[in-house]
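Written out below as structure tokens is the structure these notes cover.
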Amino acid sequence: MDQRASAAASSAPERETELDAPGGREEAEASFARYQRLAADFENYKRRTRQELADRTQYANEELLRRLLPILDNFRRALDHTPASVDPGWLEGIKLVARQFEATLAAQGLTPIPALGEKFDPTQHEAIARQETDDQEEGTIVEEMQPGYRLHDRVIRPTLVKVAQPPALNS
């Protein structure tokens, strides 16, 4: 065994390292640069995956909330057109249920988009009519036809509005 160890020790200085070989240093630097790019790509992949998972979690209920909005609209319409002959105690109970429903939707991140008196914003509002008026500045929302909603920072239903325009000049 001593002979092998001494033979290996004597041949070590004679052997050329890979870095000393022609093109060895350039190849090592190129390999290291590839490694750095792959490591950066992998970090970007992990960050993107985390972000996609967070978005998916945050907006997981979006479809359900979209389906509940027409029910909320109809509930409000029914309350707005309550007959005078309805028992006041019963009506108060129904209003309480409506408030609970709205609070539950708000707890999920659903918020109404303000409209009346605001400037028209095509990213949040959908104009379905114009109204000639001198009372409001052009482009101001004068009537909300259907409420719009946002889930966190994403518009899931734009507010349907009527927008002010100056009266036409009669010649």
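The values are calculated or read from the model by the stated rules, or taken from the named source; none is laboratory data. Everything quoted here is computed from the prediction, not taken from an experiment. No Cβ is skipped: glycine too gets one built from the backbone with ideal geometry, and neighbour counts run over all protein chains shown. The area values use the complete protein model at the heavy-atom level, side chains included, leaving out ligands, DNA and RNA. Shrake-Rupley method; radii C 1.70, N 1.55, O 1.52, S 1.80 Å.
Numbers for the structure displayed
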item	result
Degrees separating the helix 88-107 axis from the principal Cα axis of the chain, which is the longest one	20 degrees
Cut-off under 5 Å, modelled amide H: who pairs with THR133 long-range	GLN165
Net charge dipole size for the chain [Lys, Arg +1 and Asp, Glu -1 on Cβ; Debye, nearest 20]	620 debye
The range 47-90: C-alpha gyration tensor shape, a/c 1.5 cut-off, then a/b vs b/c	prolate
Helix 62-80 vs. the chain, principal-axis angle (Cα, 0 to 90°, nearest 10)	10 degrees
Rounded to 10°, Cα long-axis angle of helix 2-11 versus longest principal axis of the chain	70 degrees
Cα-based shape type of the range 74-171, given that a ≥ b ≥ c are square roots of the gyration tensor eigenvalues and the cut on a/c is 1.5	oblate
For the chain, with +1 on Lys and Arg beta carbons and -1 on Asp and Glu, the positive-most of LEU116, THR49, GLY24 along the dipole	THR49
Prolate/oblate/rounded call for the chain, Cα gyration tensor, a/c under 1.5 rounded	oblate
Qualifying lysines (Cα of each under 30 Å from Cα of LYS119; at least 8 residues distant if same chain)	LYS162
Portion, in percent, of the accessible area of the chain that falls on carbon or sulfur, probe 1.4 Å	53 percent
Exposure ranking of ASP73, ASP135 by accessible area [1.4 Å probe, largest first]	ASP135, ASP73
